[in-house]
There are 2 protein chains.
Amino acid sequence: MNNQLFLTYSPLPREELVQKVKESMSDKRFQHVLRVEEQAIELAKRYDTSIEQASVAALTHDYAKERSDEDLIHIIVTQGFDQELLPYGNAIWHGVVGAWLVRKELGVVDEEILTAIEEHTTGSATMTTLSKIIYVADYIEKGRQFPGVDEARLLARTDLDAAVAFETQQTLNYLLKRKQMIYPKTIETYNRWVVI
Amino acid sequence: MNNQLFLTYSPLPREELVQKVKESMSDKRFQHVLRVEEQAIELAKRYDTSIEQASVAALTHDYAKERSDEDLIHIIVTQGFDQELLPYGNAIWHGVVGAWLVRKELGVVDEEILTAIEEHTTGSATMTTLSKIIYVADYIEKGRQFPGVDEARLLARTDLDAAVAFETQQTLNYLLKRKQMIYPKTIETYNRWVVI
């Protein structure tokens, strides 16, 4: 990690950014965030993109995950967000509103990072390599255990787009089986990356 | 069937409407259309809505199904349809453009019928009883054979909304398993009728 390069993506040096993130969540989630960072850096090396940018995006991707529903709803209602977000709950809010909070409270302004945070639970039809890395790293970090995670890890090492497709299809199967809400953007991701 | 009431929904008497529909498609599909009509009338009686309206909607629901892609695309491009329809193919076009053709060529102007035609392959979050009847009748007419059709038939006899939910979930499972495109409106249908 190059400290000077890190500062082109975050106004705070890594140690201070890590401290801010740590203070915003439970230790359990903070450990997950560190594992996502480790995984994201590995993928950034493999797919030849900035490890410092991947580090900042990974460290901040769940920054809003433990905010209260009340806080997140207040931001959605008052800050010009699409009001159709409201029924979807924290699972969707923490990405979209999270990007806004990371800019406002942590001073990160890199658009690729903010978009990667925004898209990390839903993906999108227009994901950059960084977005794909955060989306996939969050799914396969070494603490994850679920049927299919080994296949996802294998795909991530050989074909990032295939890993995005696999994760998206698995996620939709999971939601459908449990009759849980599906956010329309997840279908855009499916139509772009899964459909053959 | 009351002929006078039929004419409040179709400018053509039933025999002439049937003839027009017959001429627009293969005999195999025409037989399907007649079975959908029979099933739709049965559901209209059960759920206490107009059998004449159900008949007109059922007879015309697949009116555009055998139009060429070229014709359907031409209509989408020149008649003010959402251009995002273009990637989805006949499976989606024949409902949306079909409603437009049924109005233009068959003179049907009843908005509930036109909406039921439009929605018959995707459903919607705002389906009327008529829309639900056409959506479900198309799925369970007595010629249909697929895993789950008996459960769908049973649900249709006892709870129309549950039949809509079952069909929507099965359809999404089918598309997902085969990695086929999912039209965003199908997800609106899912979020409204399937999610618990």
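Summary of values
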quantity: Computed [θ] at 222 nm, helices only, for the protein assembly as shown once each DSSP H run of length n ≥ 4 contributes -39500 (n - 2.57); calculated: -21000 deg cm²/dmol
quantity: All-pairs Cα distance distribution in the stretch A:70-196, expressed in whole percent, bin size 5 Å; calculated: 2, 11, 20, 22, 21, 14, 8, 3, 0
quantity: Distance from the stretch A:82-127 to the stretch B:3-21 (C-alpha centre basis), Å; calculated: 53 Å
quantity: Exposure rank, largest accessible area first [B:Lys177, B:Lys104; 1.4 Å]; calculated: B:Lys177, B:Lys104
quantity: Cβ-vector label at 7 Å, B:Thr78, separations to other copies in nm; calculated: 5.4
quantity: Protein-protein interface of the stretch A:168-182, residues with accessible area decrease of at least 20 Å², isolated chain reference, 1.4 Å probe; calculated: A:Gln169, A:Asn173, A:Leu176, A:Lys179, A:Met181, A:Ile182
quantity: Per residue value of the accessible surface for the protein assembly as shown (all protein chains in place, 1.4 Å probe), Å²; calculated: 47 Å²
quantity: B:Glu118, A:Glu111, B:Glu70, reordered so the largest accessible area comes first (probe 1.4 Å); calculated: B:Glu70, A:Glu111, B:Glu118
quantity: Simple spin-label estimate for B:Thr78 and A:Glu66 in nanometres, 7 Å along Cα-Cβ; calculated: 6.2 nm
quantity: Position A:Ala125, label points 7 Å along Cα→Cβ, spacing to each other copy in nm (shortest first, one decimal); calculated: 1.9
quantity: Accessible surface of chain A [probe 1.4 Å, protein heavy atoms]: carbon and sulfur percent; calculated: 48 percent
quantity: 7 Å along Cα→Cβ, label-point gaps from A:Gln31 to other copies, nm, shortest first; calculated: 6.4
quantity: Area accessible to solvent at A:Tyr139, 1.4 Å probe radius, in Å²; calculated: 40 Å²
quantity: Charge context of B:Arg103, other residues only, Cβ under 12 angstrom, K/R +1, D/E -1; calculated: -3
quantity: Protein accessible surface hidden between A and B, which excludes ligands and nucleic acids, total in Å², probe 1.4 Å; calculated: 1600 Å²
quantity: B:Lys179 accessible area, assembled protein chains, probe 1.4 Å, Å²; calculated: 70 Å²
quantity: FRET efficiency, A:Asn3 to A:Arg144 (Cβ-Cβ, R0 51 Å, nearest 0.05); calculated: 0.95
quantity: With eigenvalues of the C-alpha gyration tensor scaled by 5 and rooted, the stretch A:1-92, Å; calculated: 27, 15, 14
quantity: Cα→Cβ-extended label distance, 7 Å offset, between A:Thr158 and B:Gln19, nm; calculated: 6.3 nm
quantity: In Å², nearest 10: area of B:Leu85 left accessible to a 1.4 Å probe; calculated: 10 Å²
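The values are calculated or read from the model by the stated rules, or taken from the named source; none is laboratory data. These numbers were taken from a predicted model, which means no experiment stands behind them. Quick reminder, even Gly has a Cβ in these numbers, built from the backbone with ideal geometry, and neighbours come from all protein chains shown. Ligands, DNA and RNA are stripped out before the accessible areas are found, and what is left, the full protein with its side chains, is counted by its heavy atoms. Shrake-Rupley method; radii C 1.70, N 1.55, O 1.52, S 1.80 Å.
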